[in-house]
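The next block holds one structure in the form of structure tokens; read it before the comments.
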Amino acid sequence: MIAIIRIKGQVKVRKDVKETLDRLRIRRKYACVVIKRTEENMGMVNKVKDFVAYGQINPEVFVELVNKRGQTTNKAKKIDLKKAAEEIFKGKSYDNEEIKPFFRLHPPRGGIDSKKHFGVGKGVLGDNQDKINDLIRRML
């Protein structure tokens, strides 16, 4: 599963990129989604790579993310978020577990370096592979 975090805001975004971000359910800055790694999803991620940071998420970080930032669709019903996170990571859908499919995060502690100069640099935009886990922990 891959985690996608929107880093850039909503100003001066092309219409096709905005539509792709809406389909991924990343409508605001510092919003995060965790989706399966399929060819279709990776095509959408590749289209918006200049606006988001993405990478492979660990199961422990995913459970921590759902525990701290997960929201239920039915507020009256109590749900064990840790158990639900494990089921989602195994392959169940968010609807079956009654959890919203996106997470609202804080800006990262210690700041963010979103600049990539001519493809070389330490920017967080684009593919971060395993470093995305550190970024998510700083944003919880």
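What follows draws every value from the coordinates through simple rules; no lab data is involved. Small disclaimer: the values here were computed from a predicted structure and weren't measured. Note that we place each Cβ from the backbone using ideal geometry, even for glycine, and neighbour counts take in every protein chain shown.
Region 1-130: D in µm²/s via Stokes-Einstein (Kirkwood Rh, Cα pairs, 25 °C, 0.890 mPa s)?
For these conditions, the coefficient is 158 µm²/s.
Using amide H atoms built 1.01 Å from N in the peptide plane, name the residues 5+ places from residue 55, or on other chains, whose amide H lies under 5 Å from its own.
For residue 55, the qualifying residues are 3, 128.
Could you give the length gained on full extension between residue 127 and residue 104, defined as 0.36 nm per residue of separation minus the Cα-Cα distance, in nm?
Gain on stretching residue 127 to residue 104: 6.3 nm.
Using label points projected 7 Å from each Cα along Cα→Cβ, tell me how many nm separate residue 68 and residue 140, to one decimal.
Here the modelled spin labels are 0.5 nm apart.
Quick one: net charge around residue 32, please, counting Lys, Arg +1 and Asp, Glu -1 for every other residue with C-beta under 9 Å from its C-beta.
Value of the local net charge: +3.
Which of the pairs 29/78; 8/100; 49/90; 15/78; 77/131; 49/82 have their Cα atoms more than 32 Å apart in this structure?
Among 29/78; 8/100; 49/90; 15/78; 77/131; 49/82, the Cα-Cα distance tops 32 Å for 15/78; 77/131.
Please give the helix 59-69 orientation as an angle from the longest Cα principal axis of the chain, in degrees from 0 to 90, rounded to the nearest 10.
Long axis of 59-69 versus the principal axis of the chain: about 80 degrees.
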